Amino acid sequence: VQLQASGGGLVQAGGSLRLSCAASGGTFSSYRMGWFRQAPGKEREFVAAISRSGGNTYYAESVKGRFTISRDNAKNTVSLQMNSLKPEDTAVYYCAADAGGHDHNLAAAYDYWGQGTQVTVSS
C-alpha cells in the first residue's frame with residue numbers, strides 16, 4: 001500500500017492543523033493506521049493510532065486531549081486533527097499502516113510508511 005501524507009505547515013503556538021493521509025494500492029480497512037513524528041536529532045515517536053474499524057483510538061500522553069485521529073474507510077484516508085499546538089510538537093509527521101495488528105505504539109510494527117509532512121509550531 002502507498003501512503004501520501006499532507007497538511008503540514010507553519011502555525012503559531014495555540015493554533016491548529018489537520019493532517020491527512022491518503023492510501024492506495026491495498027485494502028485500507030485491513031490496516032491499523034498510525035501517526036508518528038520525528039524531531040531533529042530525536043527518534044521517531046508514536047503519536048496516535050486507530051483500529052481497522054475506527055472504533056478504537058490510542059494516543060501518546062503528550063498529545064492526549066489535543067490531537068484526534070480519525071479514518072474514513074470509504075475514502076481510504078486517515079486524519080490527525082491537531083489543536084492547541086505547542087512548539088514541542090514541531091516535527092516531521094508520518095502516517096503508517098500496520099497489517100499485523102502488533103503493538104500500536106511501536107514503529108517497528110508498521111509495514112508501510114508515508115513520506116512525511118513537516119509541522120512547525122512557532123512560539
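None of the figures in this text is laboratory data; all of them are computed from the coordinates on show. Quantities reported herein were computed from a predicted structural model and do not represent experimental measurements. No Cβ is skipped: glycine too gets one built from the backbone with ideal geometry, and neighbour counts run over all protein chains shown.
Considered as a group, the residues in region 105-123 that are assigned to a loop (DSSP other than H, G, I, E, B) and either closer than 23 Å to residue 41 by Cα or polar (S, T, N, Q) (or both) include one that is farthest from the chain's Cα centre (by Cα), and that residue is 123.
With respect to (1) in contact with a Gly (Cβ under 7 Å, 6 or more places away or on another chain); (2) hydroxyl-bearing (Ser, Thr, Tyr); (3) in a loop (DSSP other than H, G, I, E, B), the lone exception for residue 94 is condition (3). Specify which of the listed residues (85, 80) is outside any strand (DSSP E or B), more than 14 Å from residue 38 (Cα to Cα) and aliphatic (A, V, I, L, M). Sole residue among the options that is outside any strand (DSSP E or B), more than 14 Å from residue 38 (Cα to Cα) and aliphatic (A, V, I, L, M): 85.
Conditions tested, residue by residue: (1) closer than 12 Å to residue 104 by Cα; (2) in contact (Cβ under 8 Å) with a residue 40 or more places away in the chain; (3) crowded, with 16+ Cβ neighbours inside 10 Å; (4) among the small types (Gly, Ala, Ser).
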{"site": "3", "(1), (2), (3), (4)": "no, yes, yes, no"}
{"site": "7", "(1), (2), (3), (4)": "no, yes, yes, yes"}
{"site": "12", "(1), (2), (3), (4)": "no, yes, no, no"}
{"site": "15", "(1), (2), (3), (4)": "no, yes, no, yes"}
{"site": "19", "(1), (2), (3), (4)": "no, yes, yes, no"}
{"site": "23", "(1), (2), (3), (4)": "no, yes, yes, yes"}
{"site": "31", "(1), (2), (3), (4)": "yes, yes, yes, no"}
{"site": "36", "(1), (2), (3), (4)": "yes, yes, yes, no"}
{"site": "48", "(1), (2), (3), (4)": "yes, no, yes, yes"}
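Can you tell me which residue in region 85-118 is nearest to residue 70 (Cα to Cα), limited to those that are crowded, with 16+ Cβ neighbours inside 10 Å and among the acidic types (Asp, Glu)? The qualifying residue nearest to residue 70 (Cα to Cα) is 98.
Of all residues in region 38-77, count the ones that are on the phi < 0 side of the Ramachandran plot and assigned to a loop (DSSP other than H, G, I, E, B). Looking only at that region, the number is 19.
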